[in-house]
1. As a footprinting exposure proxy, order 103, 67 by other Cβ within 10 Å, with the fewest listed first.
2. What angle, in degrees between 0 and 90 and rounded to the nearest 10, separates the Cα long axis of helix 60-78 from the longest principal axis of the Cα atoms of the chain?
3. Under 5 Å between amide hydrogens, which residues at least 5 positions from residue 84 or on another chain qualify, with H placed 1.01 Å from N in the peptide plane?
4. So for the pair residue 88, residue 124, with labels modelled 7 Å out along Cα→Cβ, what separation do we get in nm?
5. Among (i) 28; (ii) 55; (iii) 40, only one was calculated for this model; which label is it, if the read-out is percent of Cα pairs over 23 Å apart?
6. Which is the longest run of the chain containing none of the trypsin sites (Lys or Arg not before Pro) found in DSSP loop states (not H, G, I, E, B) with at most 12 other C-beta atoms within 10 Å?
7. Using θ = phi - 60° and the Karplus form 6.51 cos²θ - 1.76 cosθ + 1.60, what ³J(HN,Hα) does each residue of the range 40-47 get, whole Hz, x for Gly and Pro?
8. In this model, which of 86/132; 44/99; 22/44; 33/99; 33/91; 44/115 are farther than 20 Å apart at the alpha-carbon?
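No value in this document is a laboratory result; all are computed from the given coordinates. None of the values given here were measured: they were computed from a predicted structure. Quick reminder, even Gly has a Cβ in these numbers, built from the backbone with ideal geometry, and neighbours come from all protein chains shown.
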Amino acid sequence: MSSKEFEYLEHTADVYIVAYGKDLNEAFENAAKAMFNVMTDIDKVVPSVKREINAEGVDLEQLLYNWLENLLILFDTDGLVFSRFKVSIQKKDDHYVLKGEAWGEPFNPSKHPSKTEVKAVTYSLMEIHDEKGNSYVKFVLDI
């Protein structure tokens, strides 16, 4: 397993991310960290406000997409940036369910540097690898 939580990969126009974890839960948590770190410096985000975020998907790719999209919607509608996440993924019958928690605070331009605007999550180059002790997710953000 990588000692890094996430890293940015080469991409011509958008942001290509790989997020690592000891399991898929941690990889999804680190994917969210990576996305918010594209938008601002998450080290400056105090985890003082908690939001519950749930997502479902017919497969793990749709689950990852919906998880990140739901977080992006919270940023767009409530102006919240997050720096800490907790995820629990379960397979239920013919689909996956994610129960998540995110901690952060309202975006404040004098405290949080504006980096790159994320327009959308995409399925482009999406890849999910789940192996005990070595999971990762790859995805592209449209900027």
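1. Final ranking by Cβ density, sparse to dense: 103, 67.
2. 20
3. 103
4. My value for the distance between the label points is 3.6 nm.
5. The value matching this structure is (i).
6. Working: sites that count: 4, 22, 119, 132.
It works out to 23-118.
7. Karplus-based 3J(HN,Hα) across the range 40-47 equals 7, 7, 5, 5, 9, 8, 7, x Hz.
8. 44/99; 22/44; 33/91
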